[in-house]
Amino acid sequence: MADRDGFIWFDGKLVPWREAQIHVLTHSLHYGLSVFEGERAYKTDKGPAIFRLKEHTDRLFNSAHIYRMAMPYTREQITEACCDVVRANKLDSCYIRPIAFYGSEKMGVSPKGAATHVAIAAWPWGAYLGEDGLQKGIRVKTSSYARHHVNVTMARAKFAATYANSILANMEATQDGYDEALLLDVDGFVAEGAGENLFIVKDGAIYEPEIASALVGITRATIISLARDMGLEVKSKRLTRDDIYIADEAFFTGTAAEVTPVRELDNRTIGAGTRGPITEELQKRYFDVVYGRNEKYEHWLTRV
Ligand code: PMP
């Protein structure tokens with residue numbers, strides 16, 4: 001990823017891609033505390049637009065607040081910088097990664113004395129779980145690793161160290177031939193995918209696991225709105241892994257994963273073992289919204 005043309009916004013200015021570098025004694029590299037976002041821009045008829053940029057920026061600032069990381073820029077500056085990066089790289093559909101981290105000013109667990117640095121990069125990124133996955137659904141395995149307890153890490157923050165847990169789970173599942181992992185919480189109830197939220201469809205209603213140790217996903221919020229537009233009831237409840245086995249449909253949501261059907265969990269087919277009709281309709285509505293084909297949700301798009 002380091003050897004490419006283009007520009008990265010780094011501490012307030014656009015720098016050539018290859019020059020956006022940090023020192024090996026970067027605090028966040030050693031102790032795992034950086035907060036970040038994952039956003040997507042889509043090519044609409046009126047030019048590229050970043051989807052729900054305000055919500056992503058708010059979550060970035062909330063993550064920093066939770067970890068008492070002083071942000072050296074305002075929300076408006078970060079919002080504008082995300083647009084600048086897409087423009088400077090002449091991208092239309094792309095993934096955008098803002099990250100705030102502690103620099104190499106000091107070592108030792110306490111970040112006191114370290115400065116917060118902010119970088120924003122953007123690059124083209126296709127379907128996270130594969131184009132085939134979007135069409136036909138993916139095979140998922142329940143992880144032997146539990147999601148962090150809410151009093152171990154702060155689940156409302158999107159920050160680097162949580163992803164060591166996601167990496168363990170994803171590695172285990174993919175090395176065994178599955179596409180993605182499903183993590184349970186420490187009590188054994190469904191939490192989320194390694195980088196996605198989960199929904200199931202059962203008897204015409206939609207259920208999601210109660211958000212405790214899972215990230216409060218922005219795609220999740222979008223899907224809840226779209227499901228309600230379809231007249232579907234959306235309920236949060238504690239879900240067990242076998243609730244998923246006997247669901248009519250299941251799907252993952254995430255900025256990267258978009259709306260990816262889950263066709264199998266732990267070698268049990270879910271419903272017909274393919275993309276279900278409600279999942280397909282939600283997927284279609286999701287793509288209509290992000291590509292600017294639904295006027296009702298124009299306000300979710302920030303044209304760059
Ligand atoms: N859970 C985890 C662990 C994630 O990494 C992500 C991706 N950010 C999500 C859920 C989905 O969040 P969003 O829809 O905001 O991308």
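The values are calculated or read from the model by the stated rules, or taken from the named source; none is laboratory data. Source: prediction; values computed, not measured. Every residue, glycine among them, receives a Cβ derived from its backbone with ideal geometry; neighbour counts consider all protein chains shown.
Looking for whichever is at pLDDT 95 or above, within 12 Å of the ligand (Cβ to nearest atom) and more than 23 Å from LYS284 (Cβ to Cβ) here; the options are LYS158, LYS141. Which one fits? Just one listed residue meets the conditions, LYS158. Residues in the stretch 45-70 that are within 14 Å of the ligand (Cβ to nearest atom), hydrophobic (A, V, I, L, M, F, W, C) and more than 30 Å from LYS112 (Cβ to Cβ): ILE50, PHE51, LEU53.
Filter the stretch 124-162 down to the residues that are surrounded by fewer than 19 Cβ atoms within 10 Å (Cβ to Cβ) and within 30 Å of LYS90 (Cα to Cα) and list them by number. Across the stretch 124-162, the qualifying residues are PRO124, TRP125, GLY126, ALA127, GLY130, GLU131, ASP132, GLN135, ALA160. Looking across the stretch 39-64, the residues that are touching a strand residue (DSSP E or B) at 6+ places or on another chain (Cβ under 7 Å) and within 14 Å of ALA157 (Cβ to Cβ) come down to HIS56, LEU60, SER63, ALA64.
For the stretch 174-196, enumerate the residues that are within 14 Å of the ligand (Cβ to nearest atom) and among the small types (Gly, Ala, Ser). Listed by number, the residues that qualify are ALA181, ALA191, GLY193, ALA194, GLY195.
Please give the strands (runs of 3 or more DSSP E) falling wholly within the stretch 4-81 in which 2 or more residues are surrounded by 17 or more Cβ atoms within 10 Å (Cβ to Cβ).
Per the criteria, 7-10, 34-36, 39-44, 47-51.
ARG97 - would you say it is under 14 Å from GLU37 (Cβ atoms), out of contact with any His (no Cβ under 8 Å at 6 or more places or on another chain) and among the basic types (Lys, Arg)? Criteria met by ARG97.
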